[in-house]
Amino acid sequence: MSALDSLENPLREGMRLEQSPAPCTVVIFGASGDLAKRKLVPGLYNLARDHRLPGGFSLVGYSRSEMSHEAYRNSMRDSVAKFSATGAPEDSLWDGFAAGMFYCTGGYDDPAGYQKLSEQLDQLDAERGTGGNRVFYLSTPPSLFNTIMDNIGKSGLSKGKNGGWCRVIVEKPFGHDLETAVALNSEVNRIFDEDQVYRIDHYRAKETVQNLVVMRFANGIFEPIWNRNFIDHVQITAAEAVGVEGRGGYYENAGALRDMLQNHLLQLLALVAMEPPTSLDANAIRDENIKAVKAIRAIPPDRVNEHAIRAQYTRGWMNGVEVPGYRQEPGVNPESTTETYAAVKLYIDNWRWAGVPFYMRSGKRMMKRASEIAIQFRSVPHGLFPSSAADLIEPNLLVIRVQPDEGITLKLAAKVPGLGMHPRSVNMDFRYGSSFGVRSSDAYERLLLDCMLGDATLFTRRDMVETGWQLMMPILDYWANAKGKDLHFYEAGSWGPEAAESLMLEGRAWRQL
């Protein structure tokens with residue numbers, strides 16, 4: 001960071017260069033897949049562009065497709081040009097990055113392929129000084145996870161060589177239910193120690209989500225009021241404007257609860273509800289996360305309808321264009337009961353949060369794309385102002401916008417200019433883009449770098465995965481047995497089903513984002 005940069009933006013003054021990882025090789029299983037093209041290789045290139053990768057850094061793509069090193073490099077250059085937030089790569093930067101990019105052809109169940117990969121990694125250690133340090137990224141369908149991990153173990157790749165380290169990144173979904181999640185975790189831990197395993201949840205790596213920890217624990221004004229005495233309720237929303245985008249076959253077996261609430265939104269709830277950690281150590285933070293989630297009250301199987309609502313979008317209009325209903329999407333059963341919208345009400349039974357409802361909702365084909373955490377404070381205990389002004393004063397509200405337009409808004413009451421005493425609610429806004437004047441790193445950039453650094457703070461630990469499934473299983477089991485009798489519907493382009501309002505208590509209502 002130059003002195004000029006600091007002068008141009010005082011908010012960044014005093015920042016120092018951050019830690020760089022040790023030389024290593026990242027191996028992407030599923031190297032020709034969509035995630036690798038859209039996120040992983042563009043993310044690694046941007047880290048190189050920002051001088052965050054170590055000298056000798058190497059990338060090996062592993063897939064069944066036959067491809068030369070040069071063909072793989074050319075294919076990935078096209079992907080970076082198409083999907084990177086920084087645009088087409090500069091020749092000099094790309095050439096340096098691509099010099100460490102290689103390709104290995106092999107089947108996921110073929111021991112000979114892993115032997116070939118092992119020899120290639122040894123060669124990179126010798127030629128590029130990667131020190132036996134390896135990151136394996138499982139960018140494949142979950143059905144291949146066990147096969148890949150088993151072969152990594154059998155081939156001896158699960159242990160770093162010559163004193164180096166070895167880590168594995170596993171993409172969600174982490175199982176389909178509690179039973180399969182436990183089985184998957186057992187298989188993972190048969191091959192890798194838990195401290196080698198990095199289960200990825202990209203929501204946790206978004207700037208505003210990370211800023212939640214800073215906002216709570218670096219500002220003395222928030223922590224004293226972050227409890228049941230001052231907070232009325234919390235709403236966590238992940239609204240998507242898109243439909244299933246050609247992934248009807250996958251979504252039929254997932255649904256909104258599995259796809260979003262059980263993992264992403266529950267992770268956000270944990271960060272809101274956690275107690276102050278003893279340090280910024282990864283396990284200190286994750287210990288407090290799991291304590292908060294374990295304190296969530298179990299939902300009785302016979303009272304699921306009081307705590308959860310599911311719905312499915314029907315034909316409607318988005319930005320002036322008519323769009324099909326979920327049952328008309330390709331790959332979807334015309335009589336499907338899969339939910340594209342799910343809302344859940346939870347309570348945390350501890351001293352900080354007793355009696356405070358936490359609401360989570362996520363849906364597709366909603367009015368607009370928006371993800372946020374809304375902390376609704378209680379109303380003032382006594383109204384001083386005339387009843388005519390009372391309607392213009394809303395309770396204080398803190399909104400943490402996760403996407404888009406990352407930032408924080410605080411709603412408070414202020415006097416309208418003039419001779420009278422007329423209060424009105426106004427917003428105080430903080431926006432990342434305009435305040436710091438720098439590009440926010442993509443979530444995958446941050447997560448890839450953290451894994452290379454050995455920082456597991458933003459990754460999901462085994463106990464969190466299994467506790468999340470345990471909480472959601474009563475809902476999933478009830479819905480499976482109901483066979484769609486409790487399924488509601490909402491028009492595409494709306495804010496979801498009217499039935500979701502039944503979860504709200506004592507005059508509360510879902511926010512219109």
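The values are calculated or read from the model by the stated rules, or taken from the named source; none is laboratory data. For clarity, every value in this text was computed on a predicted model and none was experimentally measured. Cβ atoms come from the backbone with ideal geometry, glycine included; neighbour counts cover every protein chain shown. Ligands, DNA and RNA are stripped out before the accessible areas are found, and what is left, the full protein with its side chains, is counted by its heavy atoms. Shrake-Rupley method; radii C 1.70, N 1.55, O 1.52, S 1.80 Å.
State the number of residues belonging to the stretch 110-124 that are free of Cβ contacts under 8 Å to residues at least 40 places away in the same chain and under 15 Å from G100 (Cα atoms). Residues in the stretch 110-124 being free of Cβ contacts under 8 Å to residues at least 40 places away in the same chain and under 15 Å from G100 (Cα atoms): 2 in total.
Checked against (1) out of contact with any Gly (no Cβ under 9 Å at 6 or more places or on another chain); (2) closer than 30 Å to V213 by Cα; (3) buried (at least 17 other Cβ atoms within 10 Å of the Cβ), L266 passes all but condition (1). Only one of the numbered conditions (1) among the acidic types (D, E); (2) at pLDDT 90 or above; (3) touching a Phe, Trp or Tyr at 6+ places or on another chain (Cβ under 6 Å) is violated by E406, and that is (2).
Any idea which residue in the stretch 242-255 is farthest from Y326 (Cα to Cα), counting only those that are outside any helix (DSSP H, G or I) and open to solvent by 30 Å² or more (accessible area, probe 1.4 Å)? Lay out the reasoning, then the answer.
Of all residues in the stretch 242-255, those outside any helix (DSSP H, G or I) come to 242-247, 253-255.
Checking which are open to solvent by 30 Å² or more (accessible area, probe 1.4 Å) leaves us with 242, 245-247, 253.
Numbers: V242: 11, E245: 11, G246: 11, R247: 11, N253: 14 Å.
Among residues in the stretch 242-255 that are outside any helix (DSSP H, G or I) and open to solvent by 30 Å² or more (accessible area, probe 1.4 Å), the one farthest from Y326 (Cα to Cα) is N253.
Each residue in the stretch 51-88 was checked for being open to solvent by 30 Å² or more (accessible area, probe 1.4 Å), within 17 Å of K39 (Cβ to Cβ) and assigned to a helix (DSSP H, G or I), and 6 pass. Of the residues R286, R315, R258, R303, which is open to solvent by 50 Å² or more (accessible area, probe 1.4 Å), charged (D, E, K, R) and under 17 Å from the mean Cα position of the chain (by Cα)? Just a single option satisfies the conditions, and that option is R258. Here the stretch 199-232 is the region considered, the condition is being closer than 16 Å to L458 by Cβ and in a loop (DSSP other than H, G, I, E, B), and the residue that is most open to solvent (accessible area, probe 1.4 Å) is K206.
Against the condition open to solvent by 60 Å² or more (accessible area, probe 1.4 Å) and at pLDDT below 90, how does D429 come out, does it pass? Spelling it out, D429 is indeed open to solvent by 60 Å² or more (accessible area, probe 1.4 Å) and at pLDDT below 90.
Residue-wise test of (1) in contact with a Phe, Trp or Tyr (Cβ under 6 Å, 6 or more places away or on another chain); (2) over 25 Å from G316 (Cα atoms).
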position	(1), (2)
V234	yes, yes
A238	no, no
V244	yes, no
R258	no, no
Q262	no, yes
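Selection of the stretch 6-47 for residues being part of a loop (DSSP other than H, G, I, E, B) and either closer than 27 Å to K116 by Cβ or at pLDDT 90 or above (or both) yields P21, A22, P23, C24, G30, A31, S32, G33. Just one of the listed residues (N305, N289, N333) is among the polar types (S, T, N, Q) and either touching a Pro at 6+ places or on another chain (Cβ under 7 Å) or part of a loop (DSSP other than H, G, I, E, B) (or both), namely N333. Among the residues of the stretch 318-355, those that are surrounded by fewer than 18 Cβ atoms within 10 Å (Cβ to Cβ), in contact (Cβ under 8 Å) with a residue 40 or more places away in the chain and in contact with a strand residue (DSSP E or B) (Cβ under 8 Å, 6 or more places away or on another chain) comprise Y347, D349, A354, G355.
In the set (1) farther than 18 Å from R258 by Cβ; (2) crowded, with 16+ Cβ neighbours inside 10 Å; (3) of a type in the set (A, V, I, L, M, F, W, C); (4) touching a residue at least 24 places away in the same chain (Cβ under 8 Å), I309 fails one condition alone, (1).
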